[in-house]
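Have a look at the structure below before the remarks.
The values are calculated or read from the model by the stated rules, or taken from the named source; none is laboratory data. Note that the structure is a prediction, hence the values are computed from the model and not measured. Glycine gets a Cβ as well: all are built from the backbone with ideal geometry, and neighbour counts include every protein chain shown.
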Amino acid sequence: MAGIEIASVAKRFGAVMALDEVSLSVGQGEFIALVGPSGCGKTTLMRIVAGIESADAGRISVGGRDMTRRRAADRDIAMVFQSYALYPHLTVAQNIAVPLAMRRLSALDRLPLLGRLLPGAATRRAAIAQDVAQVALSLGLEALLDRRPGQLSGGQRQRVALARAIIRSPAAFLMDEPLSNLDAALRVQTRREIVDIHRAAGVATLYVTHDQTEALTMADRVAVMMAGRILQVATPEAIYADPQDLRVATFIGSPRINTLPAEAGADGMLRLAGEALGITTTLGALTLALRPEDLWLAEAGISAVAEAVEFLGESVLLHARHASGQPVILRLPPDAPRPRPGTALRLGFDPARALLFDASGQRVAARAQAECALV
Ligand code: ATP
């Protein structure tokens, strides 16, 4: 059974087509990271799934039930957003208990004095306190239950927000940049915590981030979105190694994938600035794309000129320029020889790892003739 089903959702703001027939299926227990440049429609999609915004067209279902016309409160979705939205006057325990109190206690139960005198209220409150204690324990918040949000660090506040989201066992989680207010070290730690929480809860999760490391490390599948459309949904490995669209190839990966203009002549042989490569493909103007780690310094290969070297510790980035004028970056081992700026280079590569895209940016098939990149 599907967790979250988004079917042909469209949304327009005046002249801006924020979502253009977006469909995405997040399986039960699956974690999908939604990535894309600023303004591509990620938040709009999340708001529509949550029920905060209405779609112009399309359907949303959660846990197999159609939610398109349901109010946000009735969708059984828990949300964690960038701003923690904790109640500053309530303790951590009270903040975590809010969703349960809303659900299990009546309006009279919730009255500060009278509520305590109603029959059964004490039992209902005790059950809530027990659930809060259990969730707090699983998130390492047990020592902080009596504090108020103002007395917590950013990471602790985000954990309280997570605790509040998971306590009511929702049918789906929506998370919109939940880590962006945390410093780098805390982000790495909280990243793992969110993945662990997701595993334990087994709940369909849609997670928006602009940080591709987060997307690649956390998600079962990554959805890349641009200009209101989802271009590809695939495992992190496939999004990186097997992108079907040039925009996906250039968006994922740092440094950016190298792109060089290539031409396949009447013989089907691919040429870069006149140099024939050991690859045949369909006729036409193409883009050859190679990841920085898929290039090396060789005796034969693509001609380029060295420009600069950057030492990164675990590797070295060699910046070079191809005859077409395009920059090329190679990721080399830290102990590799470092060519001086201006040195003429030959860049070797495995044709099997070269990605080819046609003029519209779609991936095209290629046949590598030989192990050697240049014939
Ligand atoms: P970011 O990563 O910067 O948060 P995003 O991918 O979440 O961006 P959205 O906030 O969904 O993008 O916006 C998608 C497009 O819709 C943008 O062009 C934005 O300007 C536009 N937009 C969003 N909300 C509104 C609104 N209420 N009125 C008009 N235009 C809007």
Being over 29 Å from the mean Cα position of the chain (by Cα) and closer than 23 Å to LEU260 by Cα is the filter here, so list the residues in the stretch 328-337 that pass it.
none
Test set (1) within 16 Å of the ligand (Cβ to nearest atom); (2) part of a helix (DSSP H, G or I); (3) closer than 26 Å to GLY3 by Cβ - ARG247 fails condition number
(3)
Within the stretch 30-57, work out how many residues are farther than 24 Å from ALA249 by Cβ and touching a helix residue (DSSP H, G or I) at 6+ places or on another chain (Cβ under 8 Å).
6
Only one of (1) crowded, with 18+ Cβ neighbours inside 10 Å; (2) touching a residue at least 60 places away in the same chain (Cβ under 8 Å) does not apply to ALA85, and that is (1)
Residues of the stretch 196-216 classified as more than 16 Å from the ligand (Cβ to nearest atom) and either more than 23 Å from VAL248 (Cβ to Cβ) or part of a strand (DSSP E or B) (or both), total:
10
Taking VAL224, is it under 29 Å from ARG256 (Cα atoms) and of a type in the set (Val, Ile, Thr)?
yes
Tell me yes or no: at least one residue of the stretch 137-146 is surrounded by 22 or more Cβ atoms within 10 Å (Cβ to Cβ) and either part of a loop (DSSP other than H, G, I, E, B) or not β-branched (Val, Ile, Thr) (or both).
yes
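So that you can scan it fast, the table gives a plain yes or no per residue for (1) within 16 Å of the ligand (Cβ to nearest atom); (2) within 14 Å of LEU174 (Cα to Cα); (3) modelled with pLDDT of 90 or more; (4) surrounded by fewer than 14 Cβ atoms within 10 Å (Cβ to Cβ):
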residue	(1), (2), (3), (4)
ARG47	yes, yes, yes, no
GLY51	yes, yes, yes, no
SER54	yes, no, yes, yes
VAL62	no, yes, yes, no
ALA78	no, yes, no, no
Mind checking which pairs have a first residue in the stretch 37-51 that is assigned by TED's automatic domain parsing to the domain that holds ASP76 and a second that is more than 6 Å from the ligand (Cβ to nearest atom) and assigned to a helix (DSSP H, G or I), Cβ under 6 Å, 6 or more apart or different chains?
ALA50/ALA72; GLY51/ALA72
Over the stretch 276-334, the set of residues touching a Pro at 6+ places or on another chain (Cβ under 8 Å), farther than 21 Å from ILE252 by Cα and in contact (Cβ under 8 Å) with a residue 60 or more places away in the chain is LEU277, GLY278, ILE279, ALA285, SER324
For the stretch 235-249, pairs from a residue that is assigned by TED's automatic domain parsing to the domain that holds VAL26 to a residue that is part of a helix (DSSP H, G or I) and of a type in the set (S, T, N, Q), with Cβ under 8 Å and 6 or more apart or across chains, are PRO236/THR217
Among the numbered criteria (1) touching a helix residue (DSSP H, G or I) at 6+ places or on another chain (Cβ under 6 Å); (2) assigned to a helix (DSSP H, G or I); (3) within 27 Å of LEU137 (Cβ to Cβ), which single criterion is violated by LEU179?
(2)
Could you identify the single residue in ALA234, ALA266, ALA223, ALA219 that is surrounded by fewer than 18 Cβ atoms within 10 Å (Cβ to Cβ) and at pLDDT 95 or above?
ALA234
Give the residue that is nearest to the ligand (Cβ to nearest atom), with candidates limited to residues of the stretch 19-30 that are assigned to a strand (DSSP E or B) and surrounded by fewer than 22 Cβ atoms within 10 Å (Cβ to Cβ).
ASP20
Please work out which one of (1) at pLDDT 90 or above; (2) assigned by TED's automatic domain parsing to the domain that holds VAL316; (3) touching a helix residue (DSSP H, G or I) at 6+ places or on another chain (Cβ under 6 Å) is the condition THR259 fails and give its number.
(3)
Selection count where residues are more than 9 Å from the ligand (Cβ to nearest atom) and of a type outside the set (A, V, I, L, M), scope the stretch 31-41
1
Could you check how many residues of the stretch 281-298 are surrounded by 14 or more Cβ atoms within 10 Å (Cβ to Cβ), within 32 Å of the chain's Cα centre (by Cα) and either of a type in the set (S, T, N, Q) or not in a helix (DSSP H, G or I) (or both)?
8
